[in-house]
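S.K.: Quick one: the structure is below, and I'll ask about it shortly.
The values are calculated or read from the model by the stated rules, or taken from the named source; none is laboratory data. These figures come from a predicted structure and were not determined experimentally. Here the Cβ is made from the backbone with ideal geometry for all residues, glycine too, and neighbour counts use every protein chain on show.
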Amino acid sequence: MSIDDDITFSCRVEDFPPGGAVAWWKRQGSEEIKLGVNKSLNSGLDRYSLEISQANSVTVFYLNIKGIKPEDNGDFGCSLEGDETTKAYGNLVVSDPVNSVRLYRVAGAGSTDILKEYVDQEVFDFNEDEEYYFMCVASGSNPQPDVSITIGYGDDVTSLNDYFNRSEKLISDSASGEAAFRKTNYEATLISSQSAPISWKSNSQDLVCAAAVPNMDEPKSVTIKPVLKMSPIIECKDEMKVPLWADRVTLECNVYADPPLQDIRWYWGTEYRGTSLLPGEWLGVYTFHLDNGSKPDMKVARLTIDKVFINAFLKYNLNAKNEKGQTTHALTLVRGKGRY
């Protein structure tokens, strides 16, 4: 049941004796409270009401709860007044949405020593050679929430839950009203069991700590954005085979850089004595196109050769530079079998 729903419990008694009475009870844990008898409720139960209906030899007693709240969690039952052996209970679980989600950096594997608490959308600067351990805490829900940590960008999201251990604890708040009902909620925690796999590939991705009560509400979450300030990284083949006279051959490399690129060029021969092209330039059969990649820190560098002549079988170098440094990758065009 969800908060603010209405619910009715019924108690069916056959051959109810004249002058008899049925008592209603609330049980939560080891605590048992008498709510009322027949149509008479105890004080402090404004959202509760009792009704009775009778048909032939069957009398039905009703306990109505209007606008259920988390403190209504527990077992509700009835019994013939004065006869404990006739007690029968039904369970009410009120789904209470997650109250808060927090993401922390902690000191090490299995540690709860907090080094830093993150705020939503905070940029998380990190170093490639360091290890990072996190703790995700969801509190104030009933029943226990599902908690997850993911990393990714857009629809490409990977769960990191295998890097964490889960722990839970029951939280009971103060009594509510004269009937002394107790609100029950839970805290669920994911604690690093090993270093989280944060690398340069995490740039422009979201590290998300999220929690929700299953089948109830939208997850609450805290998102941080890992950023490694790095010299350019080039992902590219080392060699490419094409036949002589091939048309429209493209040498393609992915370039990742944060801070952004200051300079990028294809060159062959030597950097200063050979031939080089900047983005948008063309020379003879060669054209250099630089396009945005699938992530904000990614560019796609394409060197297109309109026609592969015999002198095109060379080593082509892509050089990328930003304020952190520069990187060069060599791709060799090799003559393959056949010809166009």
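S.K.: Taking ILE65, is it closer than 30 Å to ALA138 by Cβ, of a type in the set (Val, Ile, Thr) and not assigned by TED's automatic domain parsing to the domain that holds GLU187? Quick ask: steps written out before the conclusion?
M.R.: Values: closer than 30 Å to ALA138 by Cβ: yes; of a type in the set (Val, Ile, Thr): yes; not assigned by TED's automatic domain parsing to the domain that holds GLU187: yes.
Criteria met by ILE65.
S.K.: To continue, here is another question. Which members of segment 1-59 meet the condition of being small (Gly, Ala, Ser), in contact (Cβ under 8 Å) with a residue 24 or more places away in the chain, farther than 30 Å from VAL213 by Cβ and part of a strand (DSSP E or B)?
M.R.: Listed by number, the list holds a single entry, ALA23.
S.K.: When you scan segment 183-197, do you find a residue that is under 30 Å from LEU331 (Cβ atoms) and either modelled with pLDDT of 90 or more or surrounded by fewer than 19 Cβ atoms within 10 Å (Cβ to Cβ) (or both), even just one? Give the derivation first.
M.R.: Start the filter on segment 183-197 by keeping residues that are under 30 Å from LEU331 (Cβ atoms), which leaves 197.
Within this subset, residues satisfying the condition of being either modelled with pLDDT of 90 or more or surrounded by fewer than 19 Cβ atoms within 10 Å (Cβ to Cβ) (or both) are 197.
Checked against the condition, which is being under 30 Å from LEU331 (Cβ atoms) and either modelled with pLDDT of 90 or more or surrounded by fewer than 19 Cβ atoms within 10 Å (Cβ to Cβ) (or both), segment 183-197 yields at least one hit.
S.K.: Then there's this: Restricting attention to segment 1-31, which residues are surrounded by fewer than 14 Cβ atoms within 10 Å (Cβ to Cβ) and either over 15 Å from LYS69 (Cβ atoms) or in contact with a helix residue (DSSP H, G or I) (Cβ under 6 Å, 6 or more places away or on another chain) (or both)?
M.R.: Across segment 1-31, the qualifying residues are THR8, SER10, ARG12, GLU14, ASP15, PRO17, PRO18, GLY19, GLY29, SER30, GLU31.
S.K.: Give the residues of segment 301-334 that are in a strand (DSSP E or B) and over 14 Å from LEU251 (Cα atoms), sorted by residue number.
M.R.: First pass over segment 301-334, keeping only residues in a strand (DSSP E or B): 301-307, 315-322, 325-334.
Answer for segment 301-334, where residues must be in a strand (DSSP E or B) and over 14 Å from LEU251 (Cα atoms): ALA320, LYS321, ASN322, GLY325, GLN326, THR327, THR328.
S.K.: Could you check GLY67 against (1) out of contact with any Asp or Glu (no Cβ under 7 Å at 6 or more places or on another chain); (2) outside any strand (DSSP E or B); (3) surrounded by fewer than 13 Cβ atoms within 10 Å (Cβ to Cβ) and say which number it fails?
M.R.: Condition not satisfied by GLY67: (1).
S.K.: Given the conditions (1) at pLDDT 95 or above; (2) of a type in the set (Val, Ile, Thr); (3) surrounded by 20 or more Cβ atoms within 10 Å (Cβ to Cβ), which single one is not true for VAL213?
M.R.: (1)
S.K.: So, in segment 138-167, exactly how many residues are in a strand (DSSP E or B), under 13 Å from the mean Cα position of the chain (by Cα), touching a residue at least 60 places away in the same chain (Cβ under 8 Å) and under 27 Å from ASP96 (Cβ atoms)?
M.R.: The number of residues fulfilling the criteria is 6.
S.K.: I've got another one for you. Please work out which residue is surrounded by the most Cβ atoms within 10 Å (Cβ to Cβ), limiting yourself to segment 111-166 and to residues that are among the aliphatic types (A, V, I, L, M) and under 30 Å from MET298 (Cα atoms).
M.R.: Here is the first cut: in segment 111-166, the ones among the aliphatic types (A, V, I, L, M) are 114-115, 119, 123, 135, 137-138, 147, 149, 151, 157, 160.
Retained after the next criterion (residues that are under 30 Å from MET298 (Cα atoms)): 119, 123, 135, 149, 151, 157, 160.
On the way: VAL119: 10, VAL123: 9, MET135: 25, ILE149: 23, ILE151: 20, VAL157: 13, LEU160: 21.
Among them, the one singled out is MET135.
S.K.: Considering only segment 90-118, state which residues are touching a residue at least 24 places away in the same chain (Cβ under 8 Å) and either polar (S, T, N, Q) or in contact with a Leu (Cβ under 9 Å, 6 or more places away or on another chain) (or both).
M.R.: Here is the first cut: in segment 90-118, the residues touching a residue at least 24 places away in the same chain (Cβ under 8 Å) are 90, 92-112, 118.
Within segment 90-118, SER95, ASN99, SER100, LEU103, TYR104, ARG105, VAL106, ALA107, SER111, THR112, TYR118 qualify.
S.K.: Output yes when any residue across segment 266-282 is under 30 Å from PRO197 (Cβ atoms), at pLDDT 95 or above and either buried (at least 17 other Cβ atoms within 10 Å of the Cβ) or not acidic (Asp, Glu) (or both), and no when none is. Explain how you work it out, then say what you get.
M.R.: If we filter segment 266-282 for residues that are under 30 Å from PRO197 (Cβ atoms), which is where we start, we get none.
No, the conditions are met nowhere in segment 266-282.
S.K.: Can you tell me which condition VAL300 does not meet? The list is (1) among the β-branched types (Val, Ile, Thr); (2) in contact with a Phe, Trp or Tyr (Cβ under 9 Å, 6 or more places away or on another chain); (3) surrounded by fewer than 18 Cβ atoms within 10 Å (Cβ to Cβ), and all the others hold.
M.R.: (2)
S.K.: Identify all residues within segment 70-80 that are modelled with pLDDT of 90 or more and either outside any strand (DSSP E or B) or in contact with a Ser or Thr (Cβ under 6 Å, 6 or more places away or on another chain) (or both); write none if there are none.
M.R.: Result: SER79, LEU80.
S.K.: Taking ASP129 as meeting all but one of (1) outside any strand (DSSP E or B); (2) within 17 Å of ASN203 (Cα to Cα); (3) in contact with a strand residue (DSSP E or B) (Cβ under 8 Å, 6 or more places away or on another chain), write down the number of the exception.
M.R.: Failing condition for ASP129: (3).
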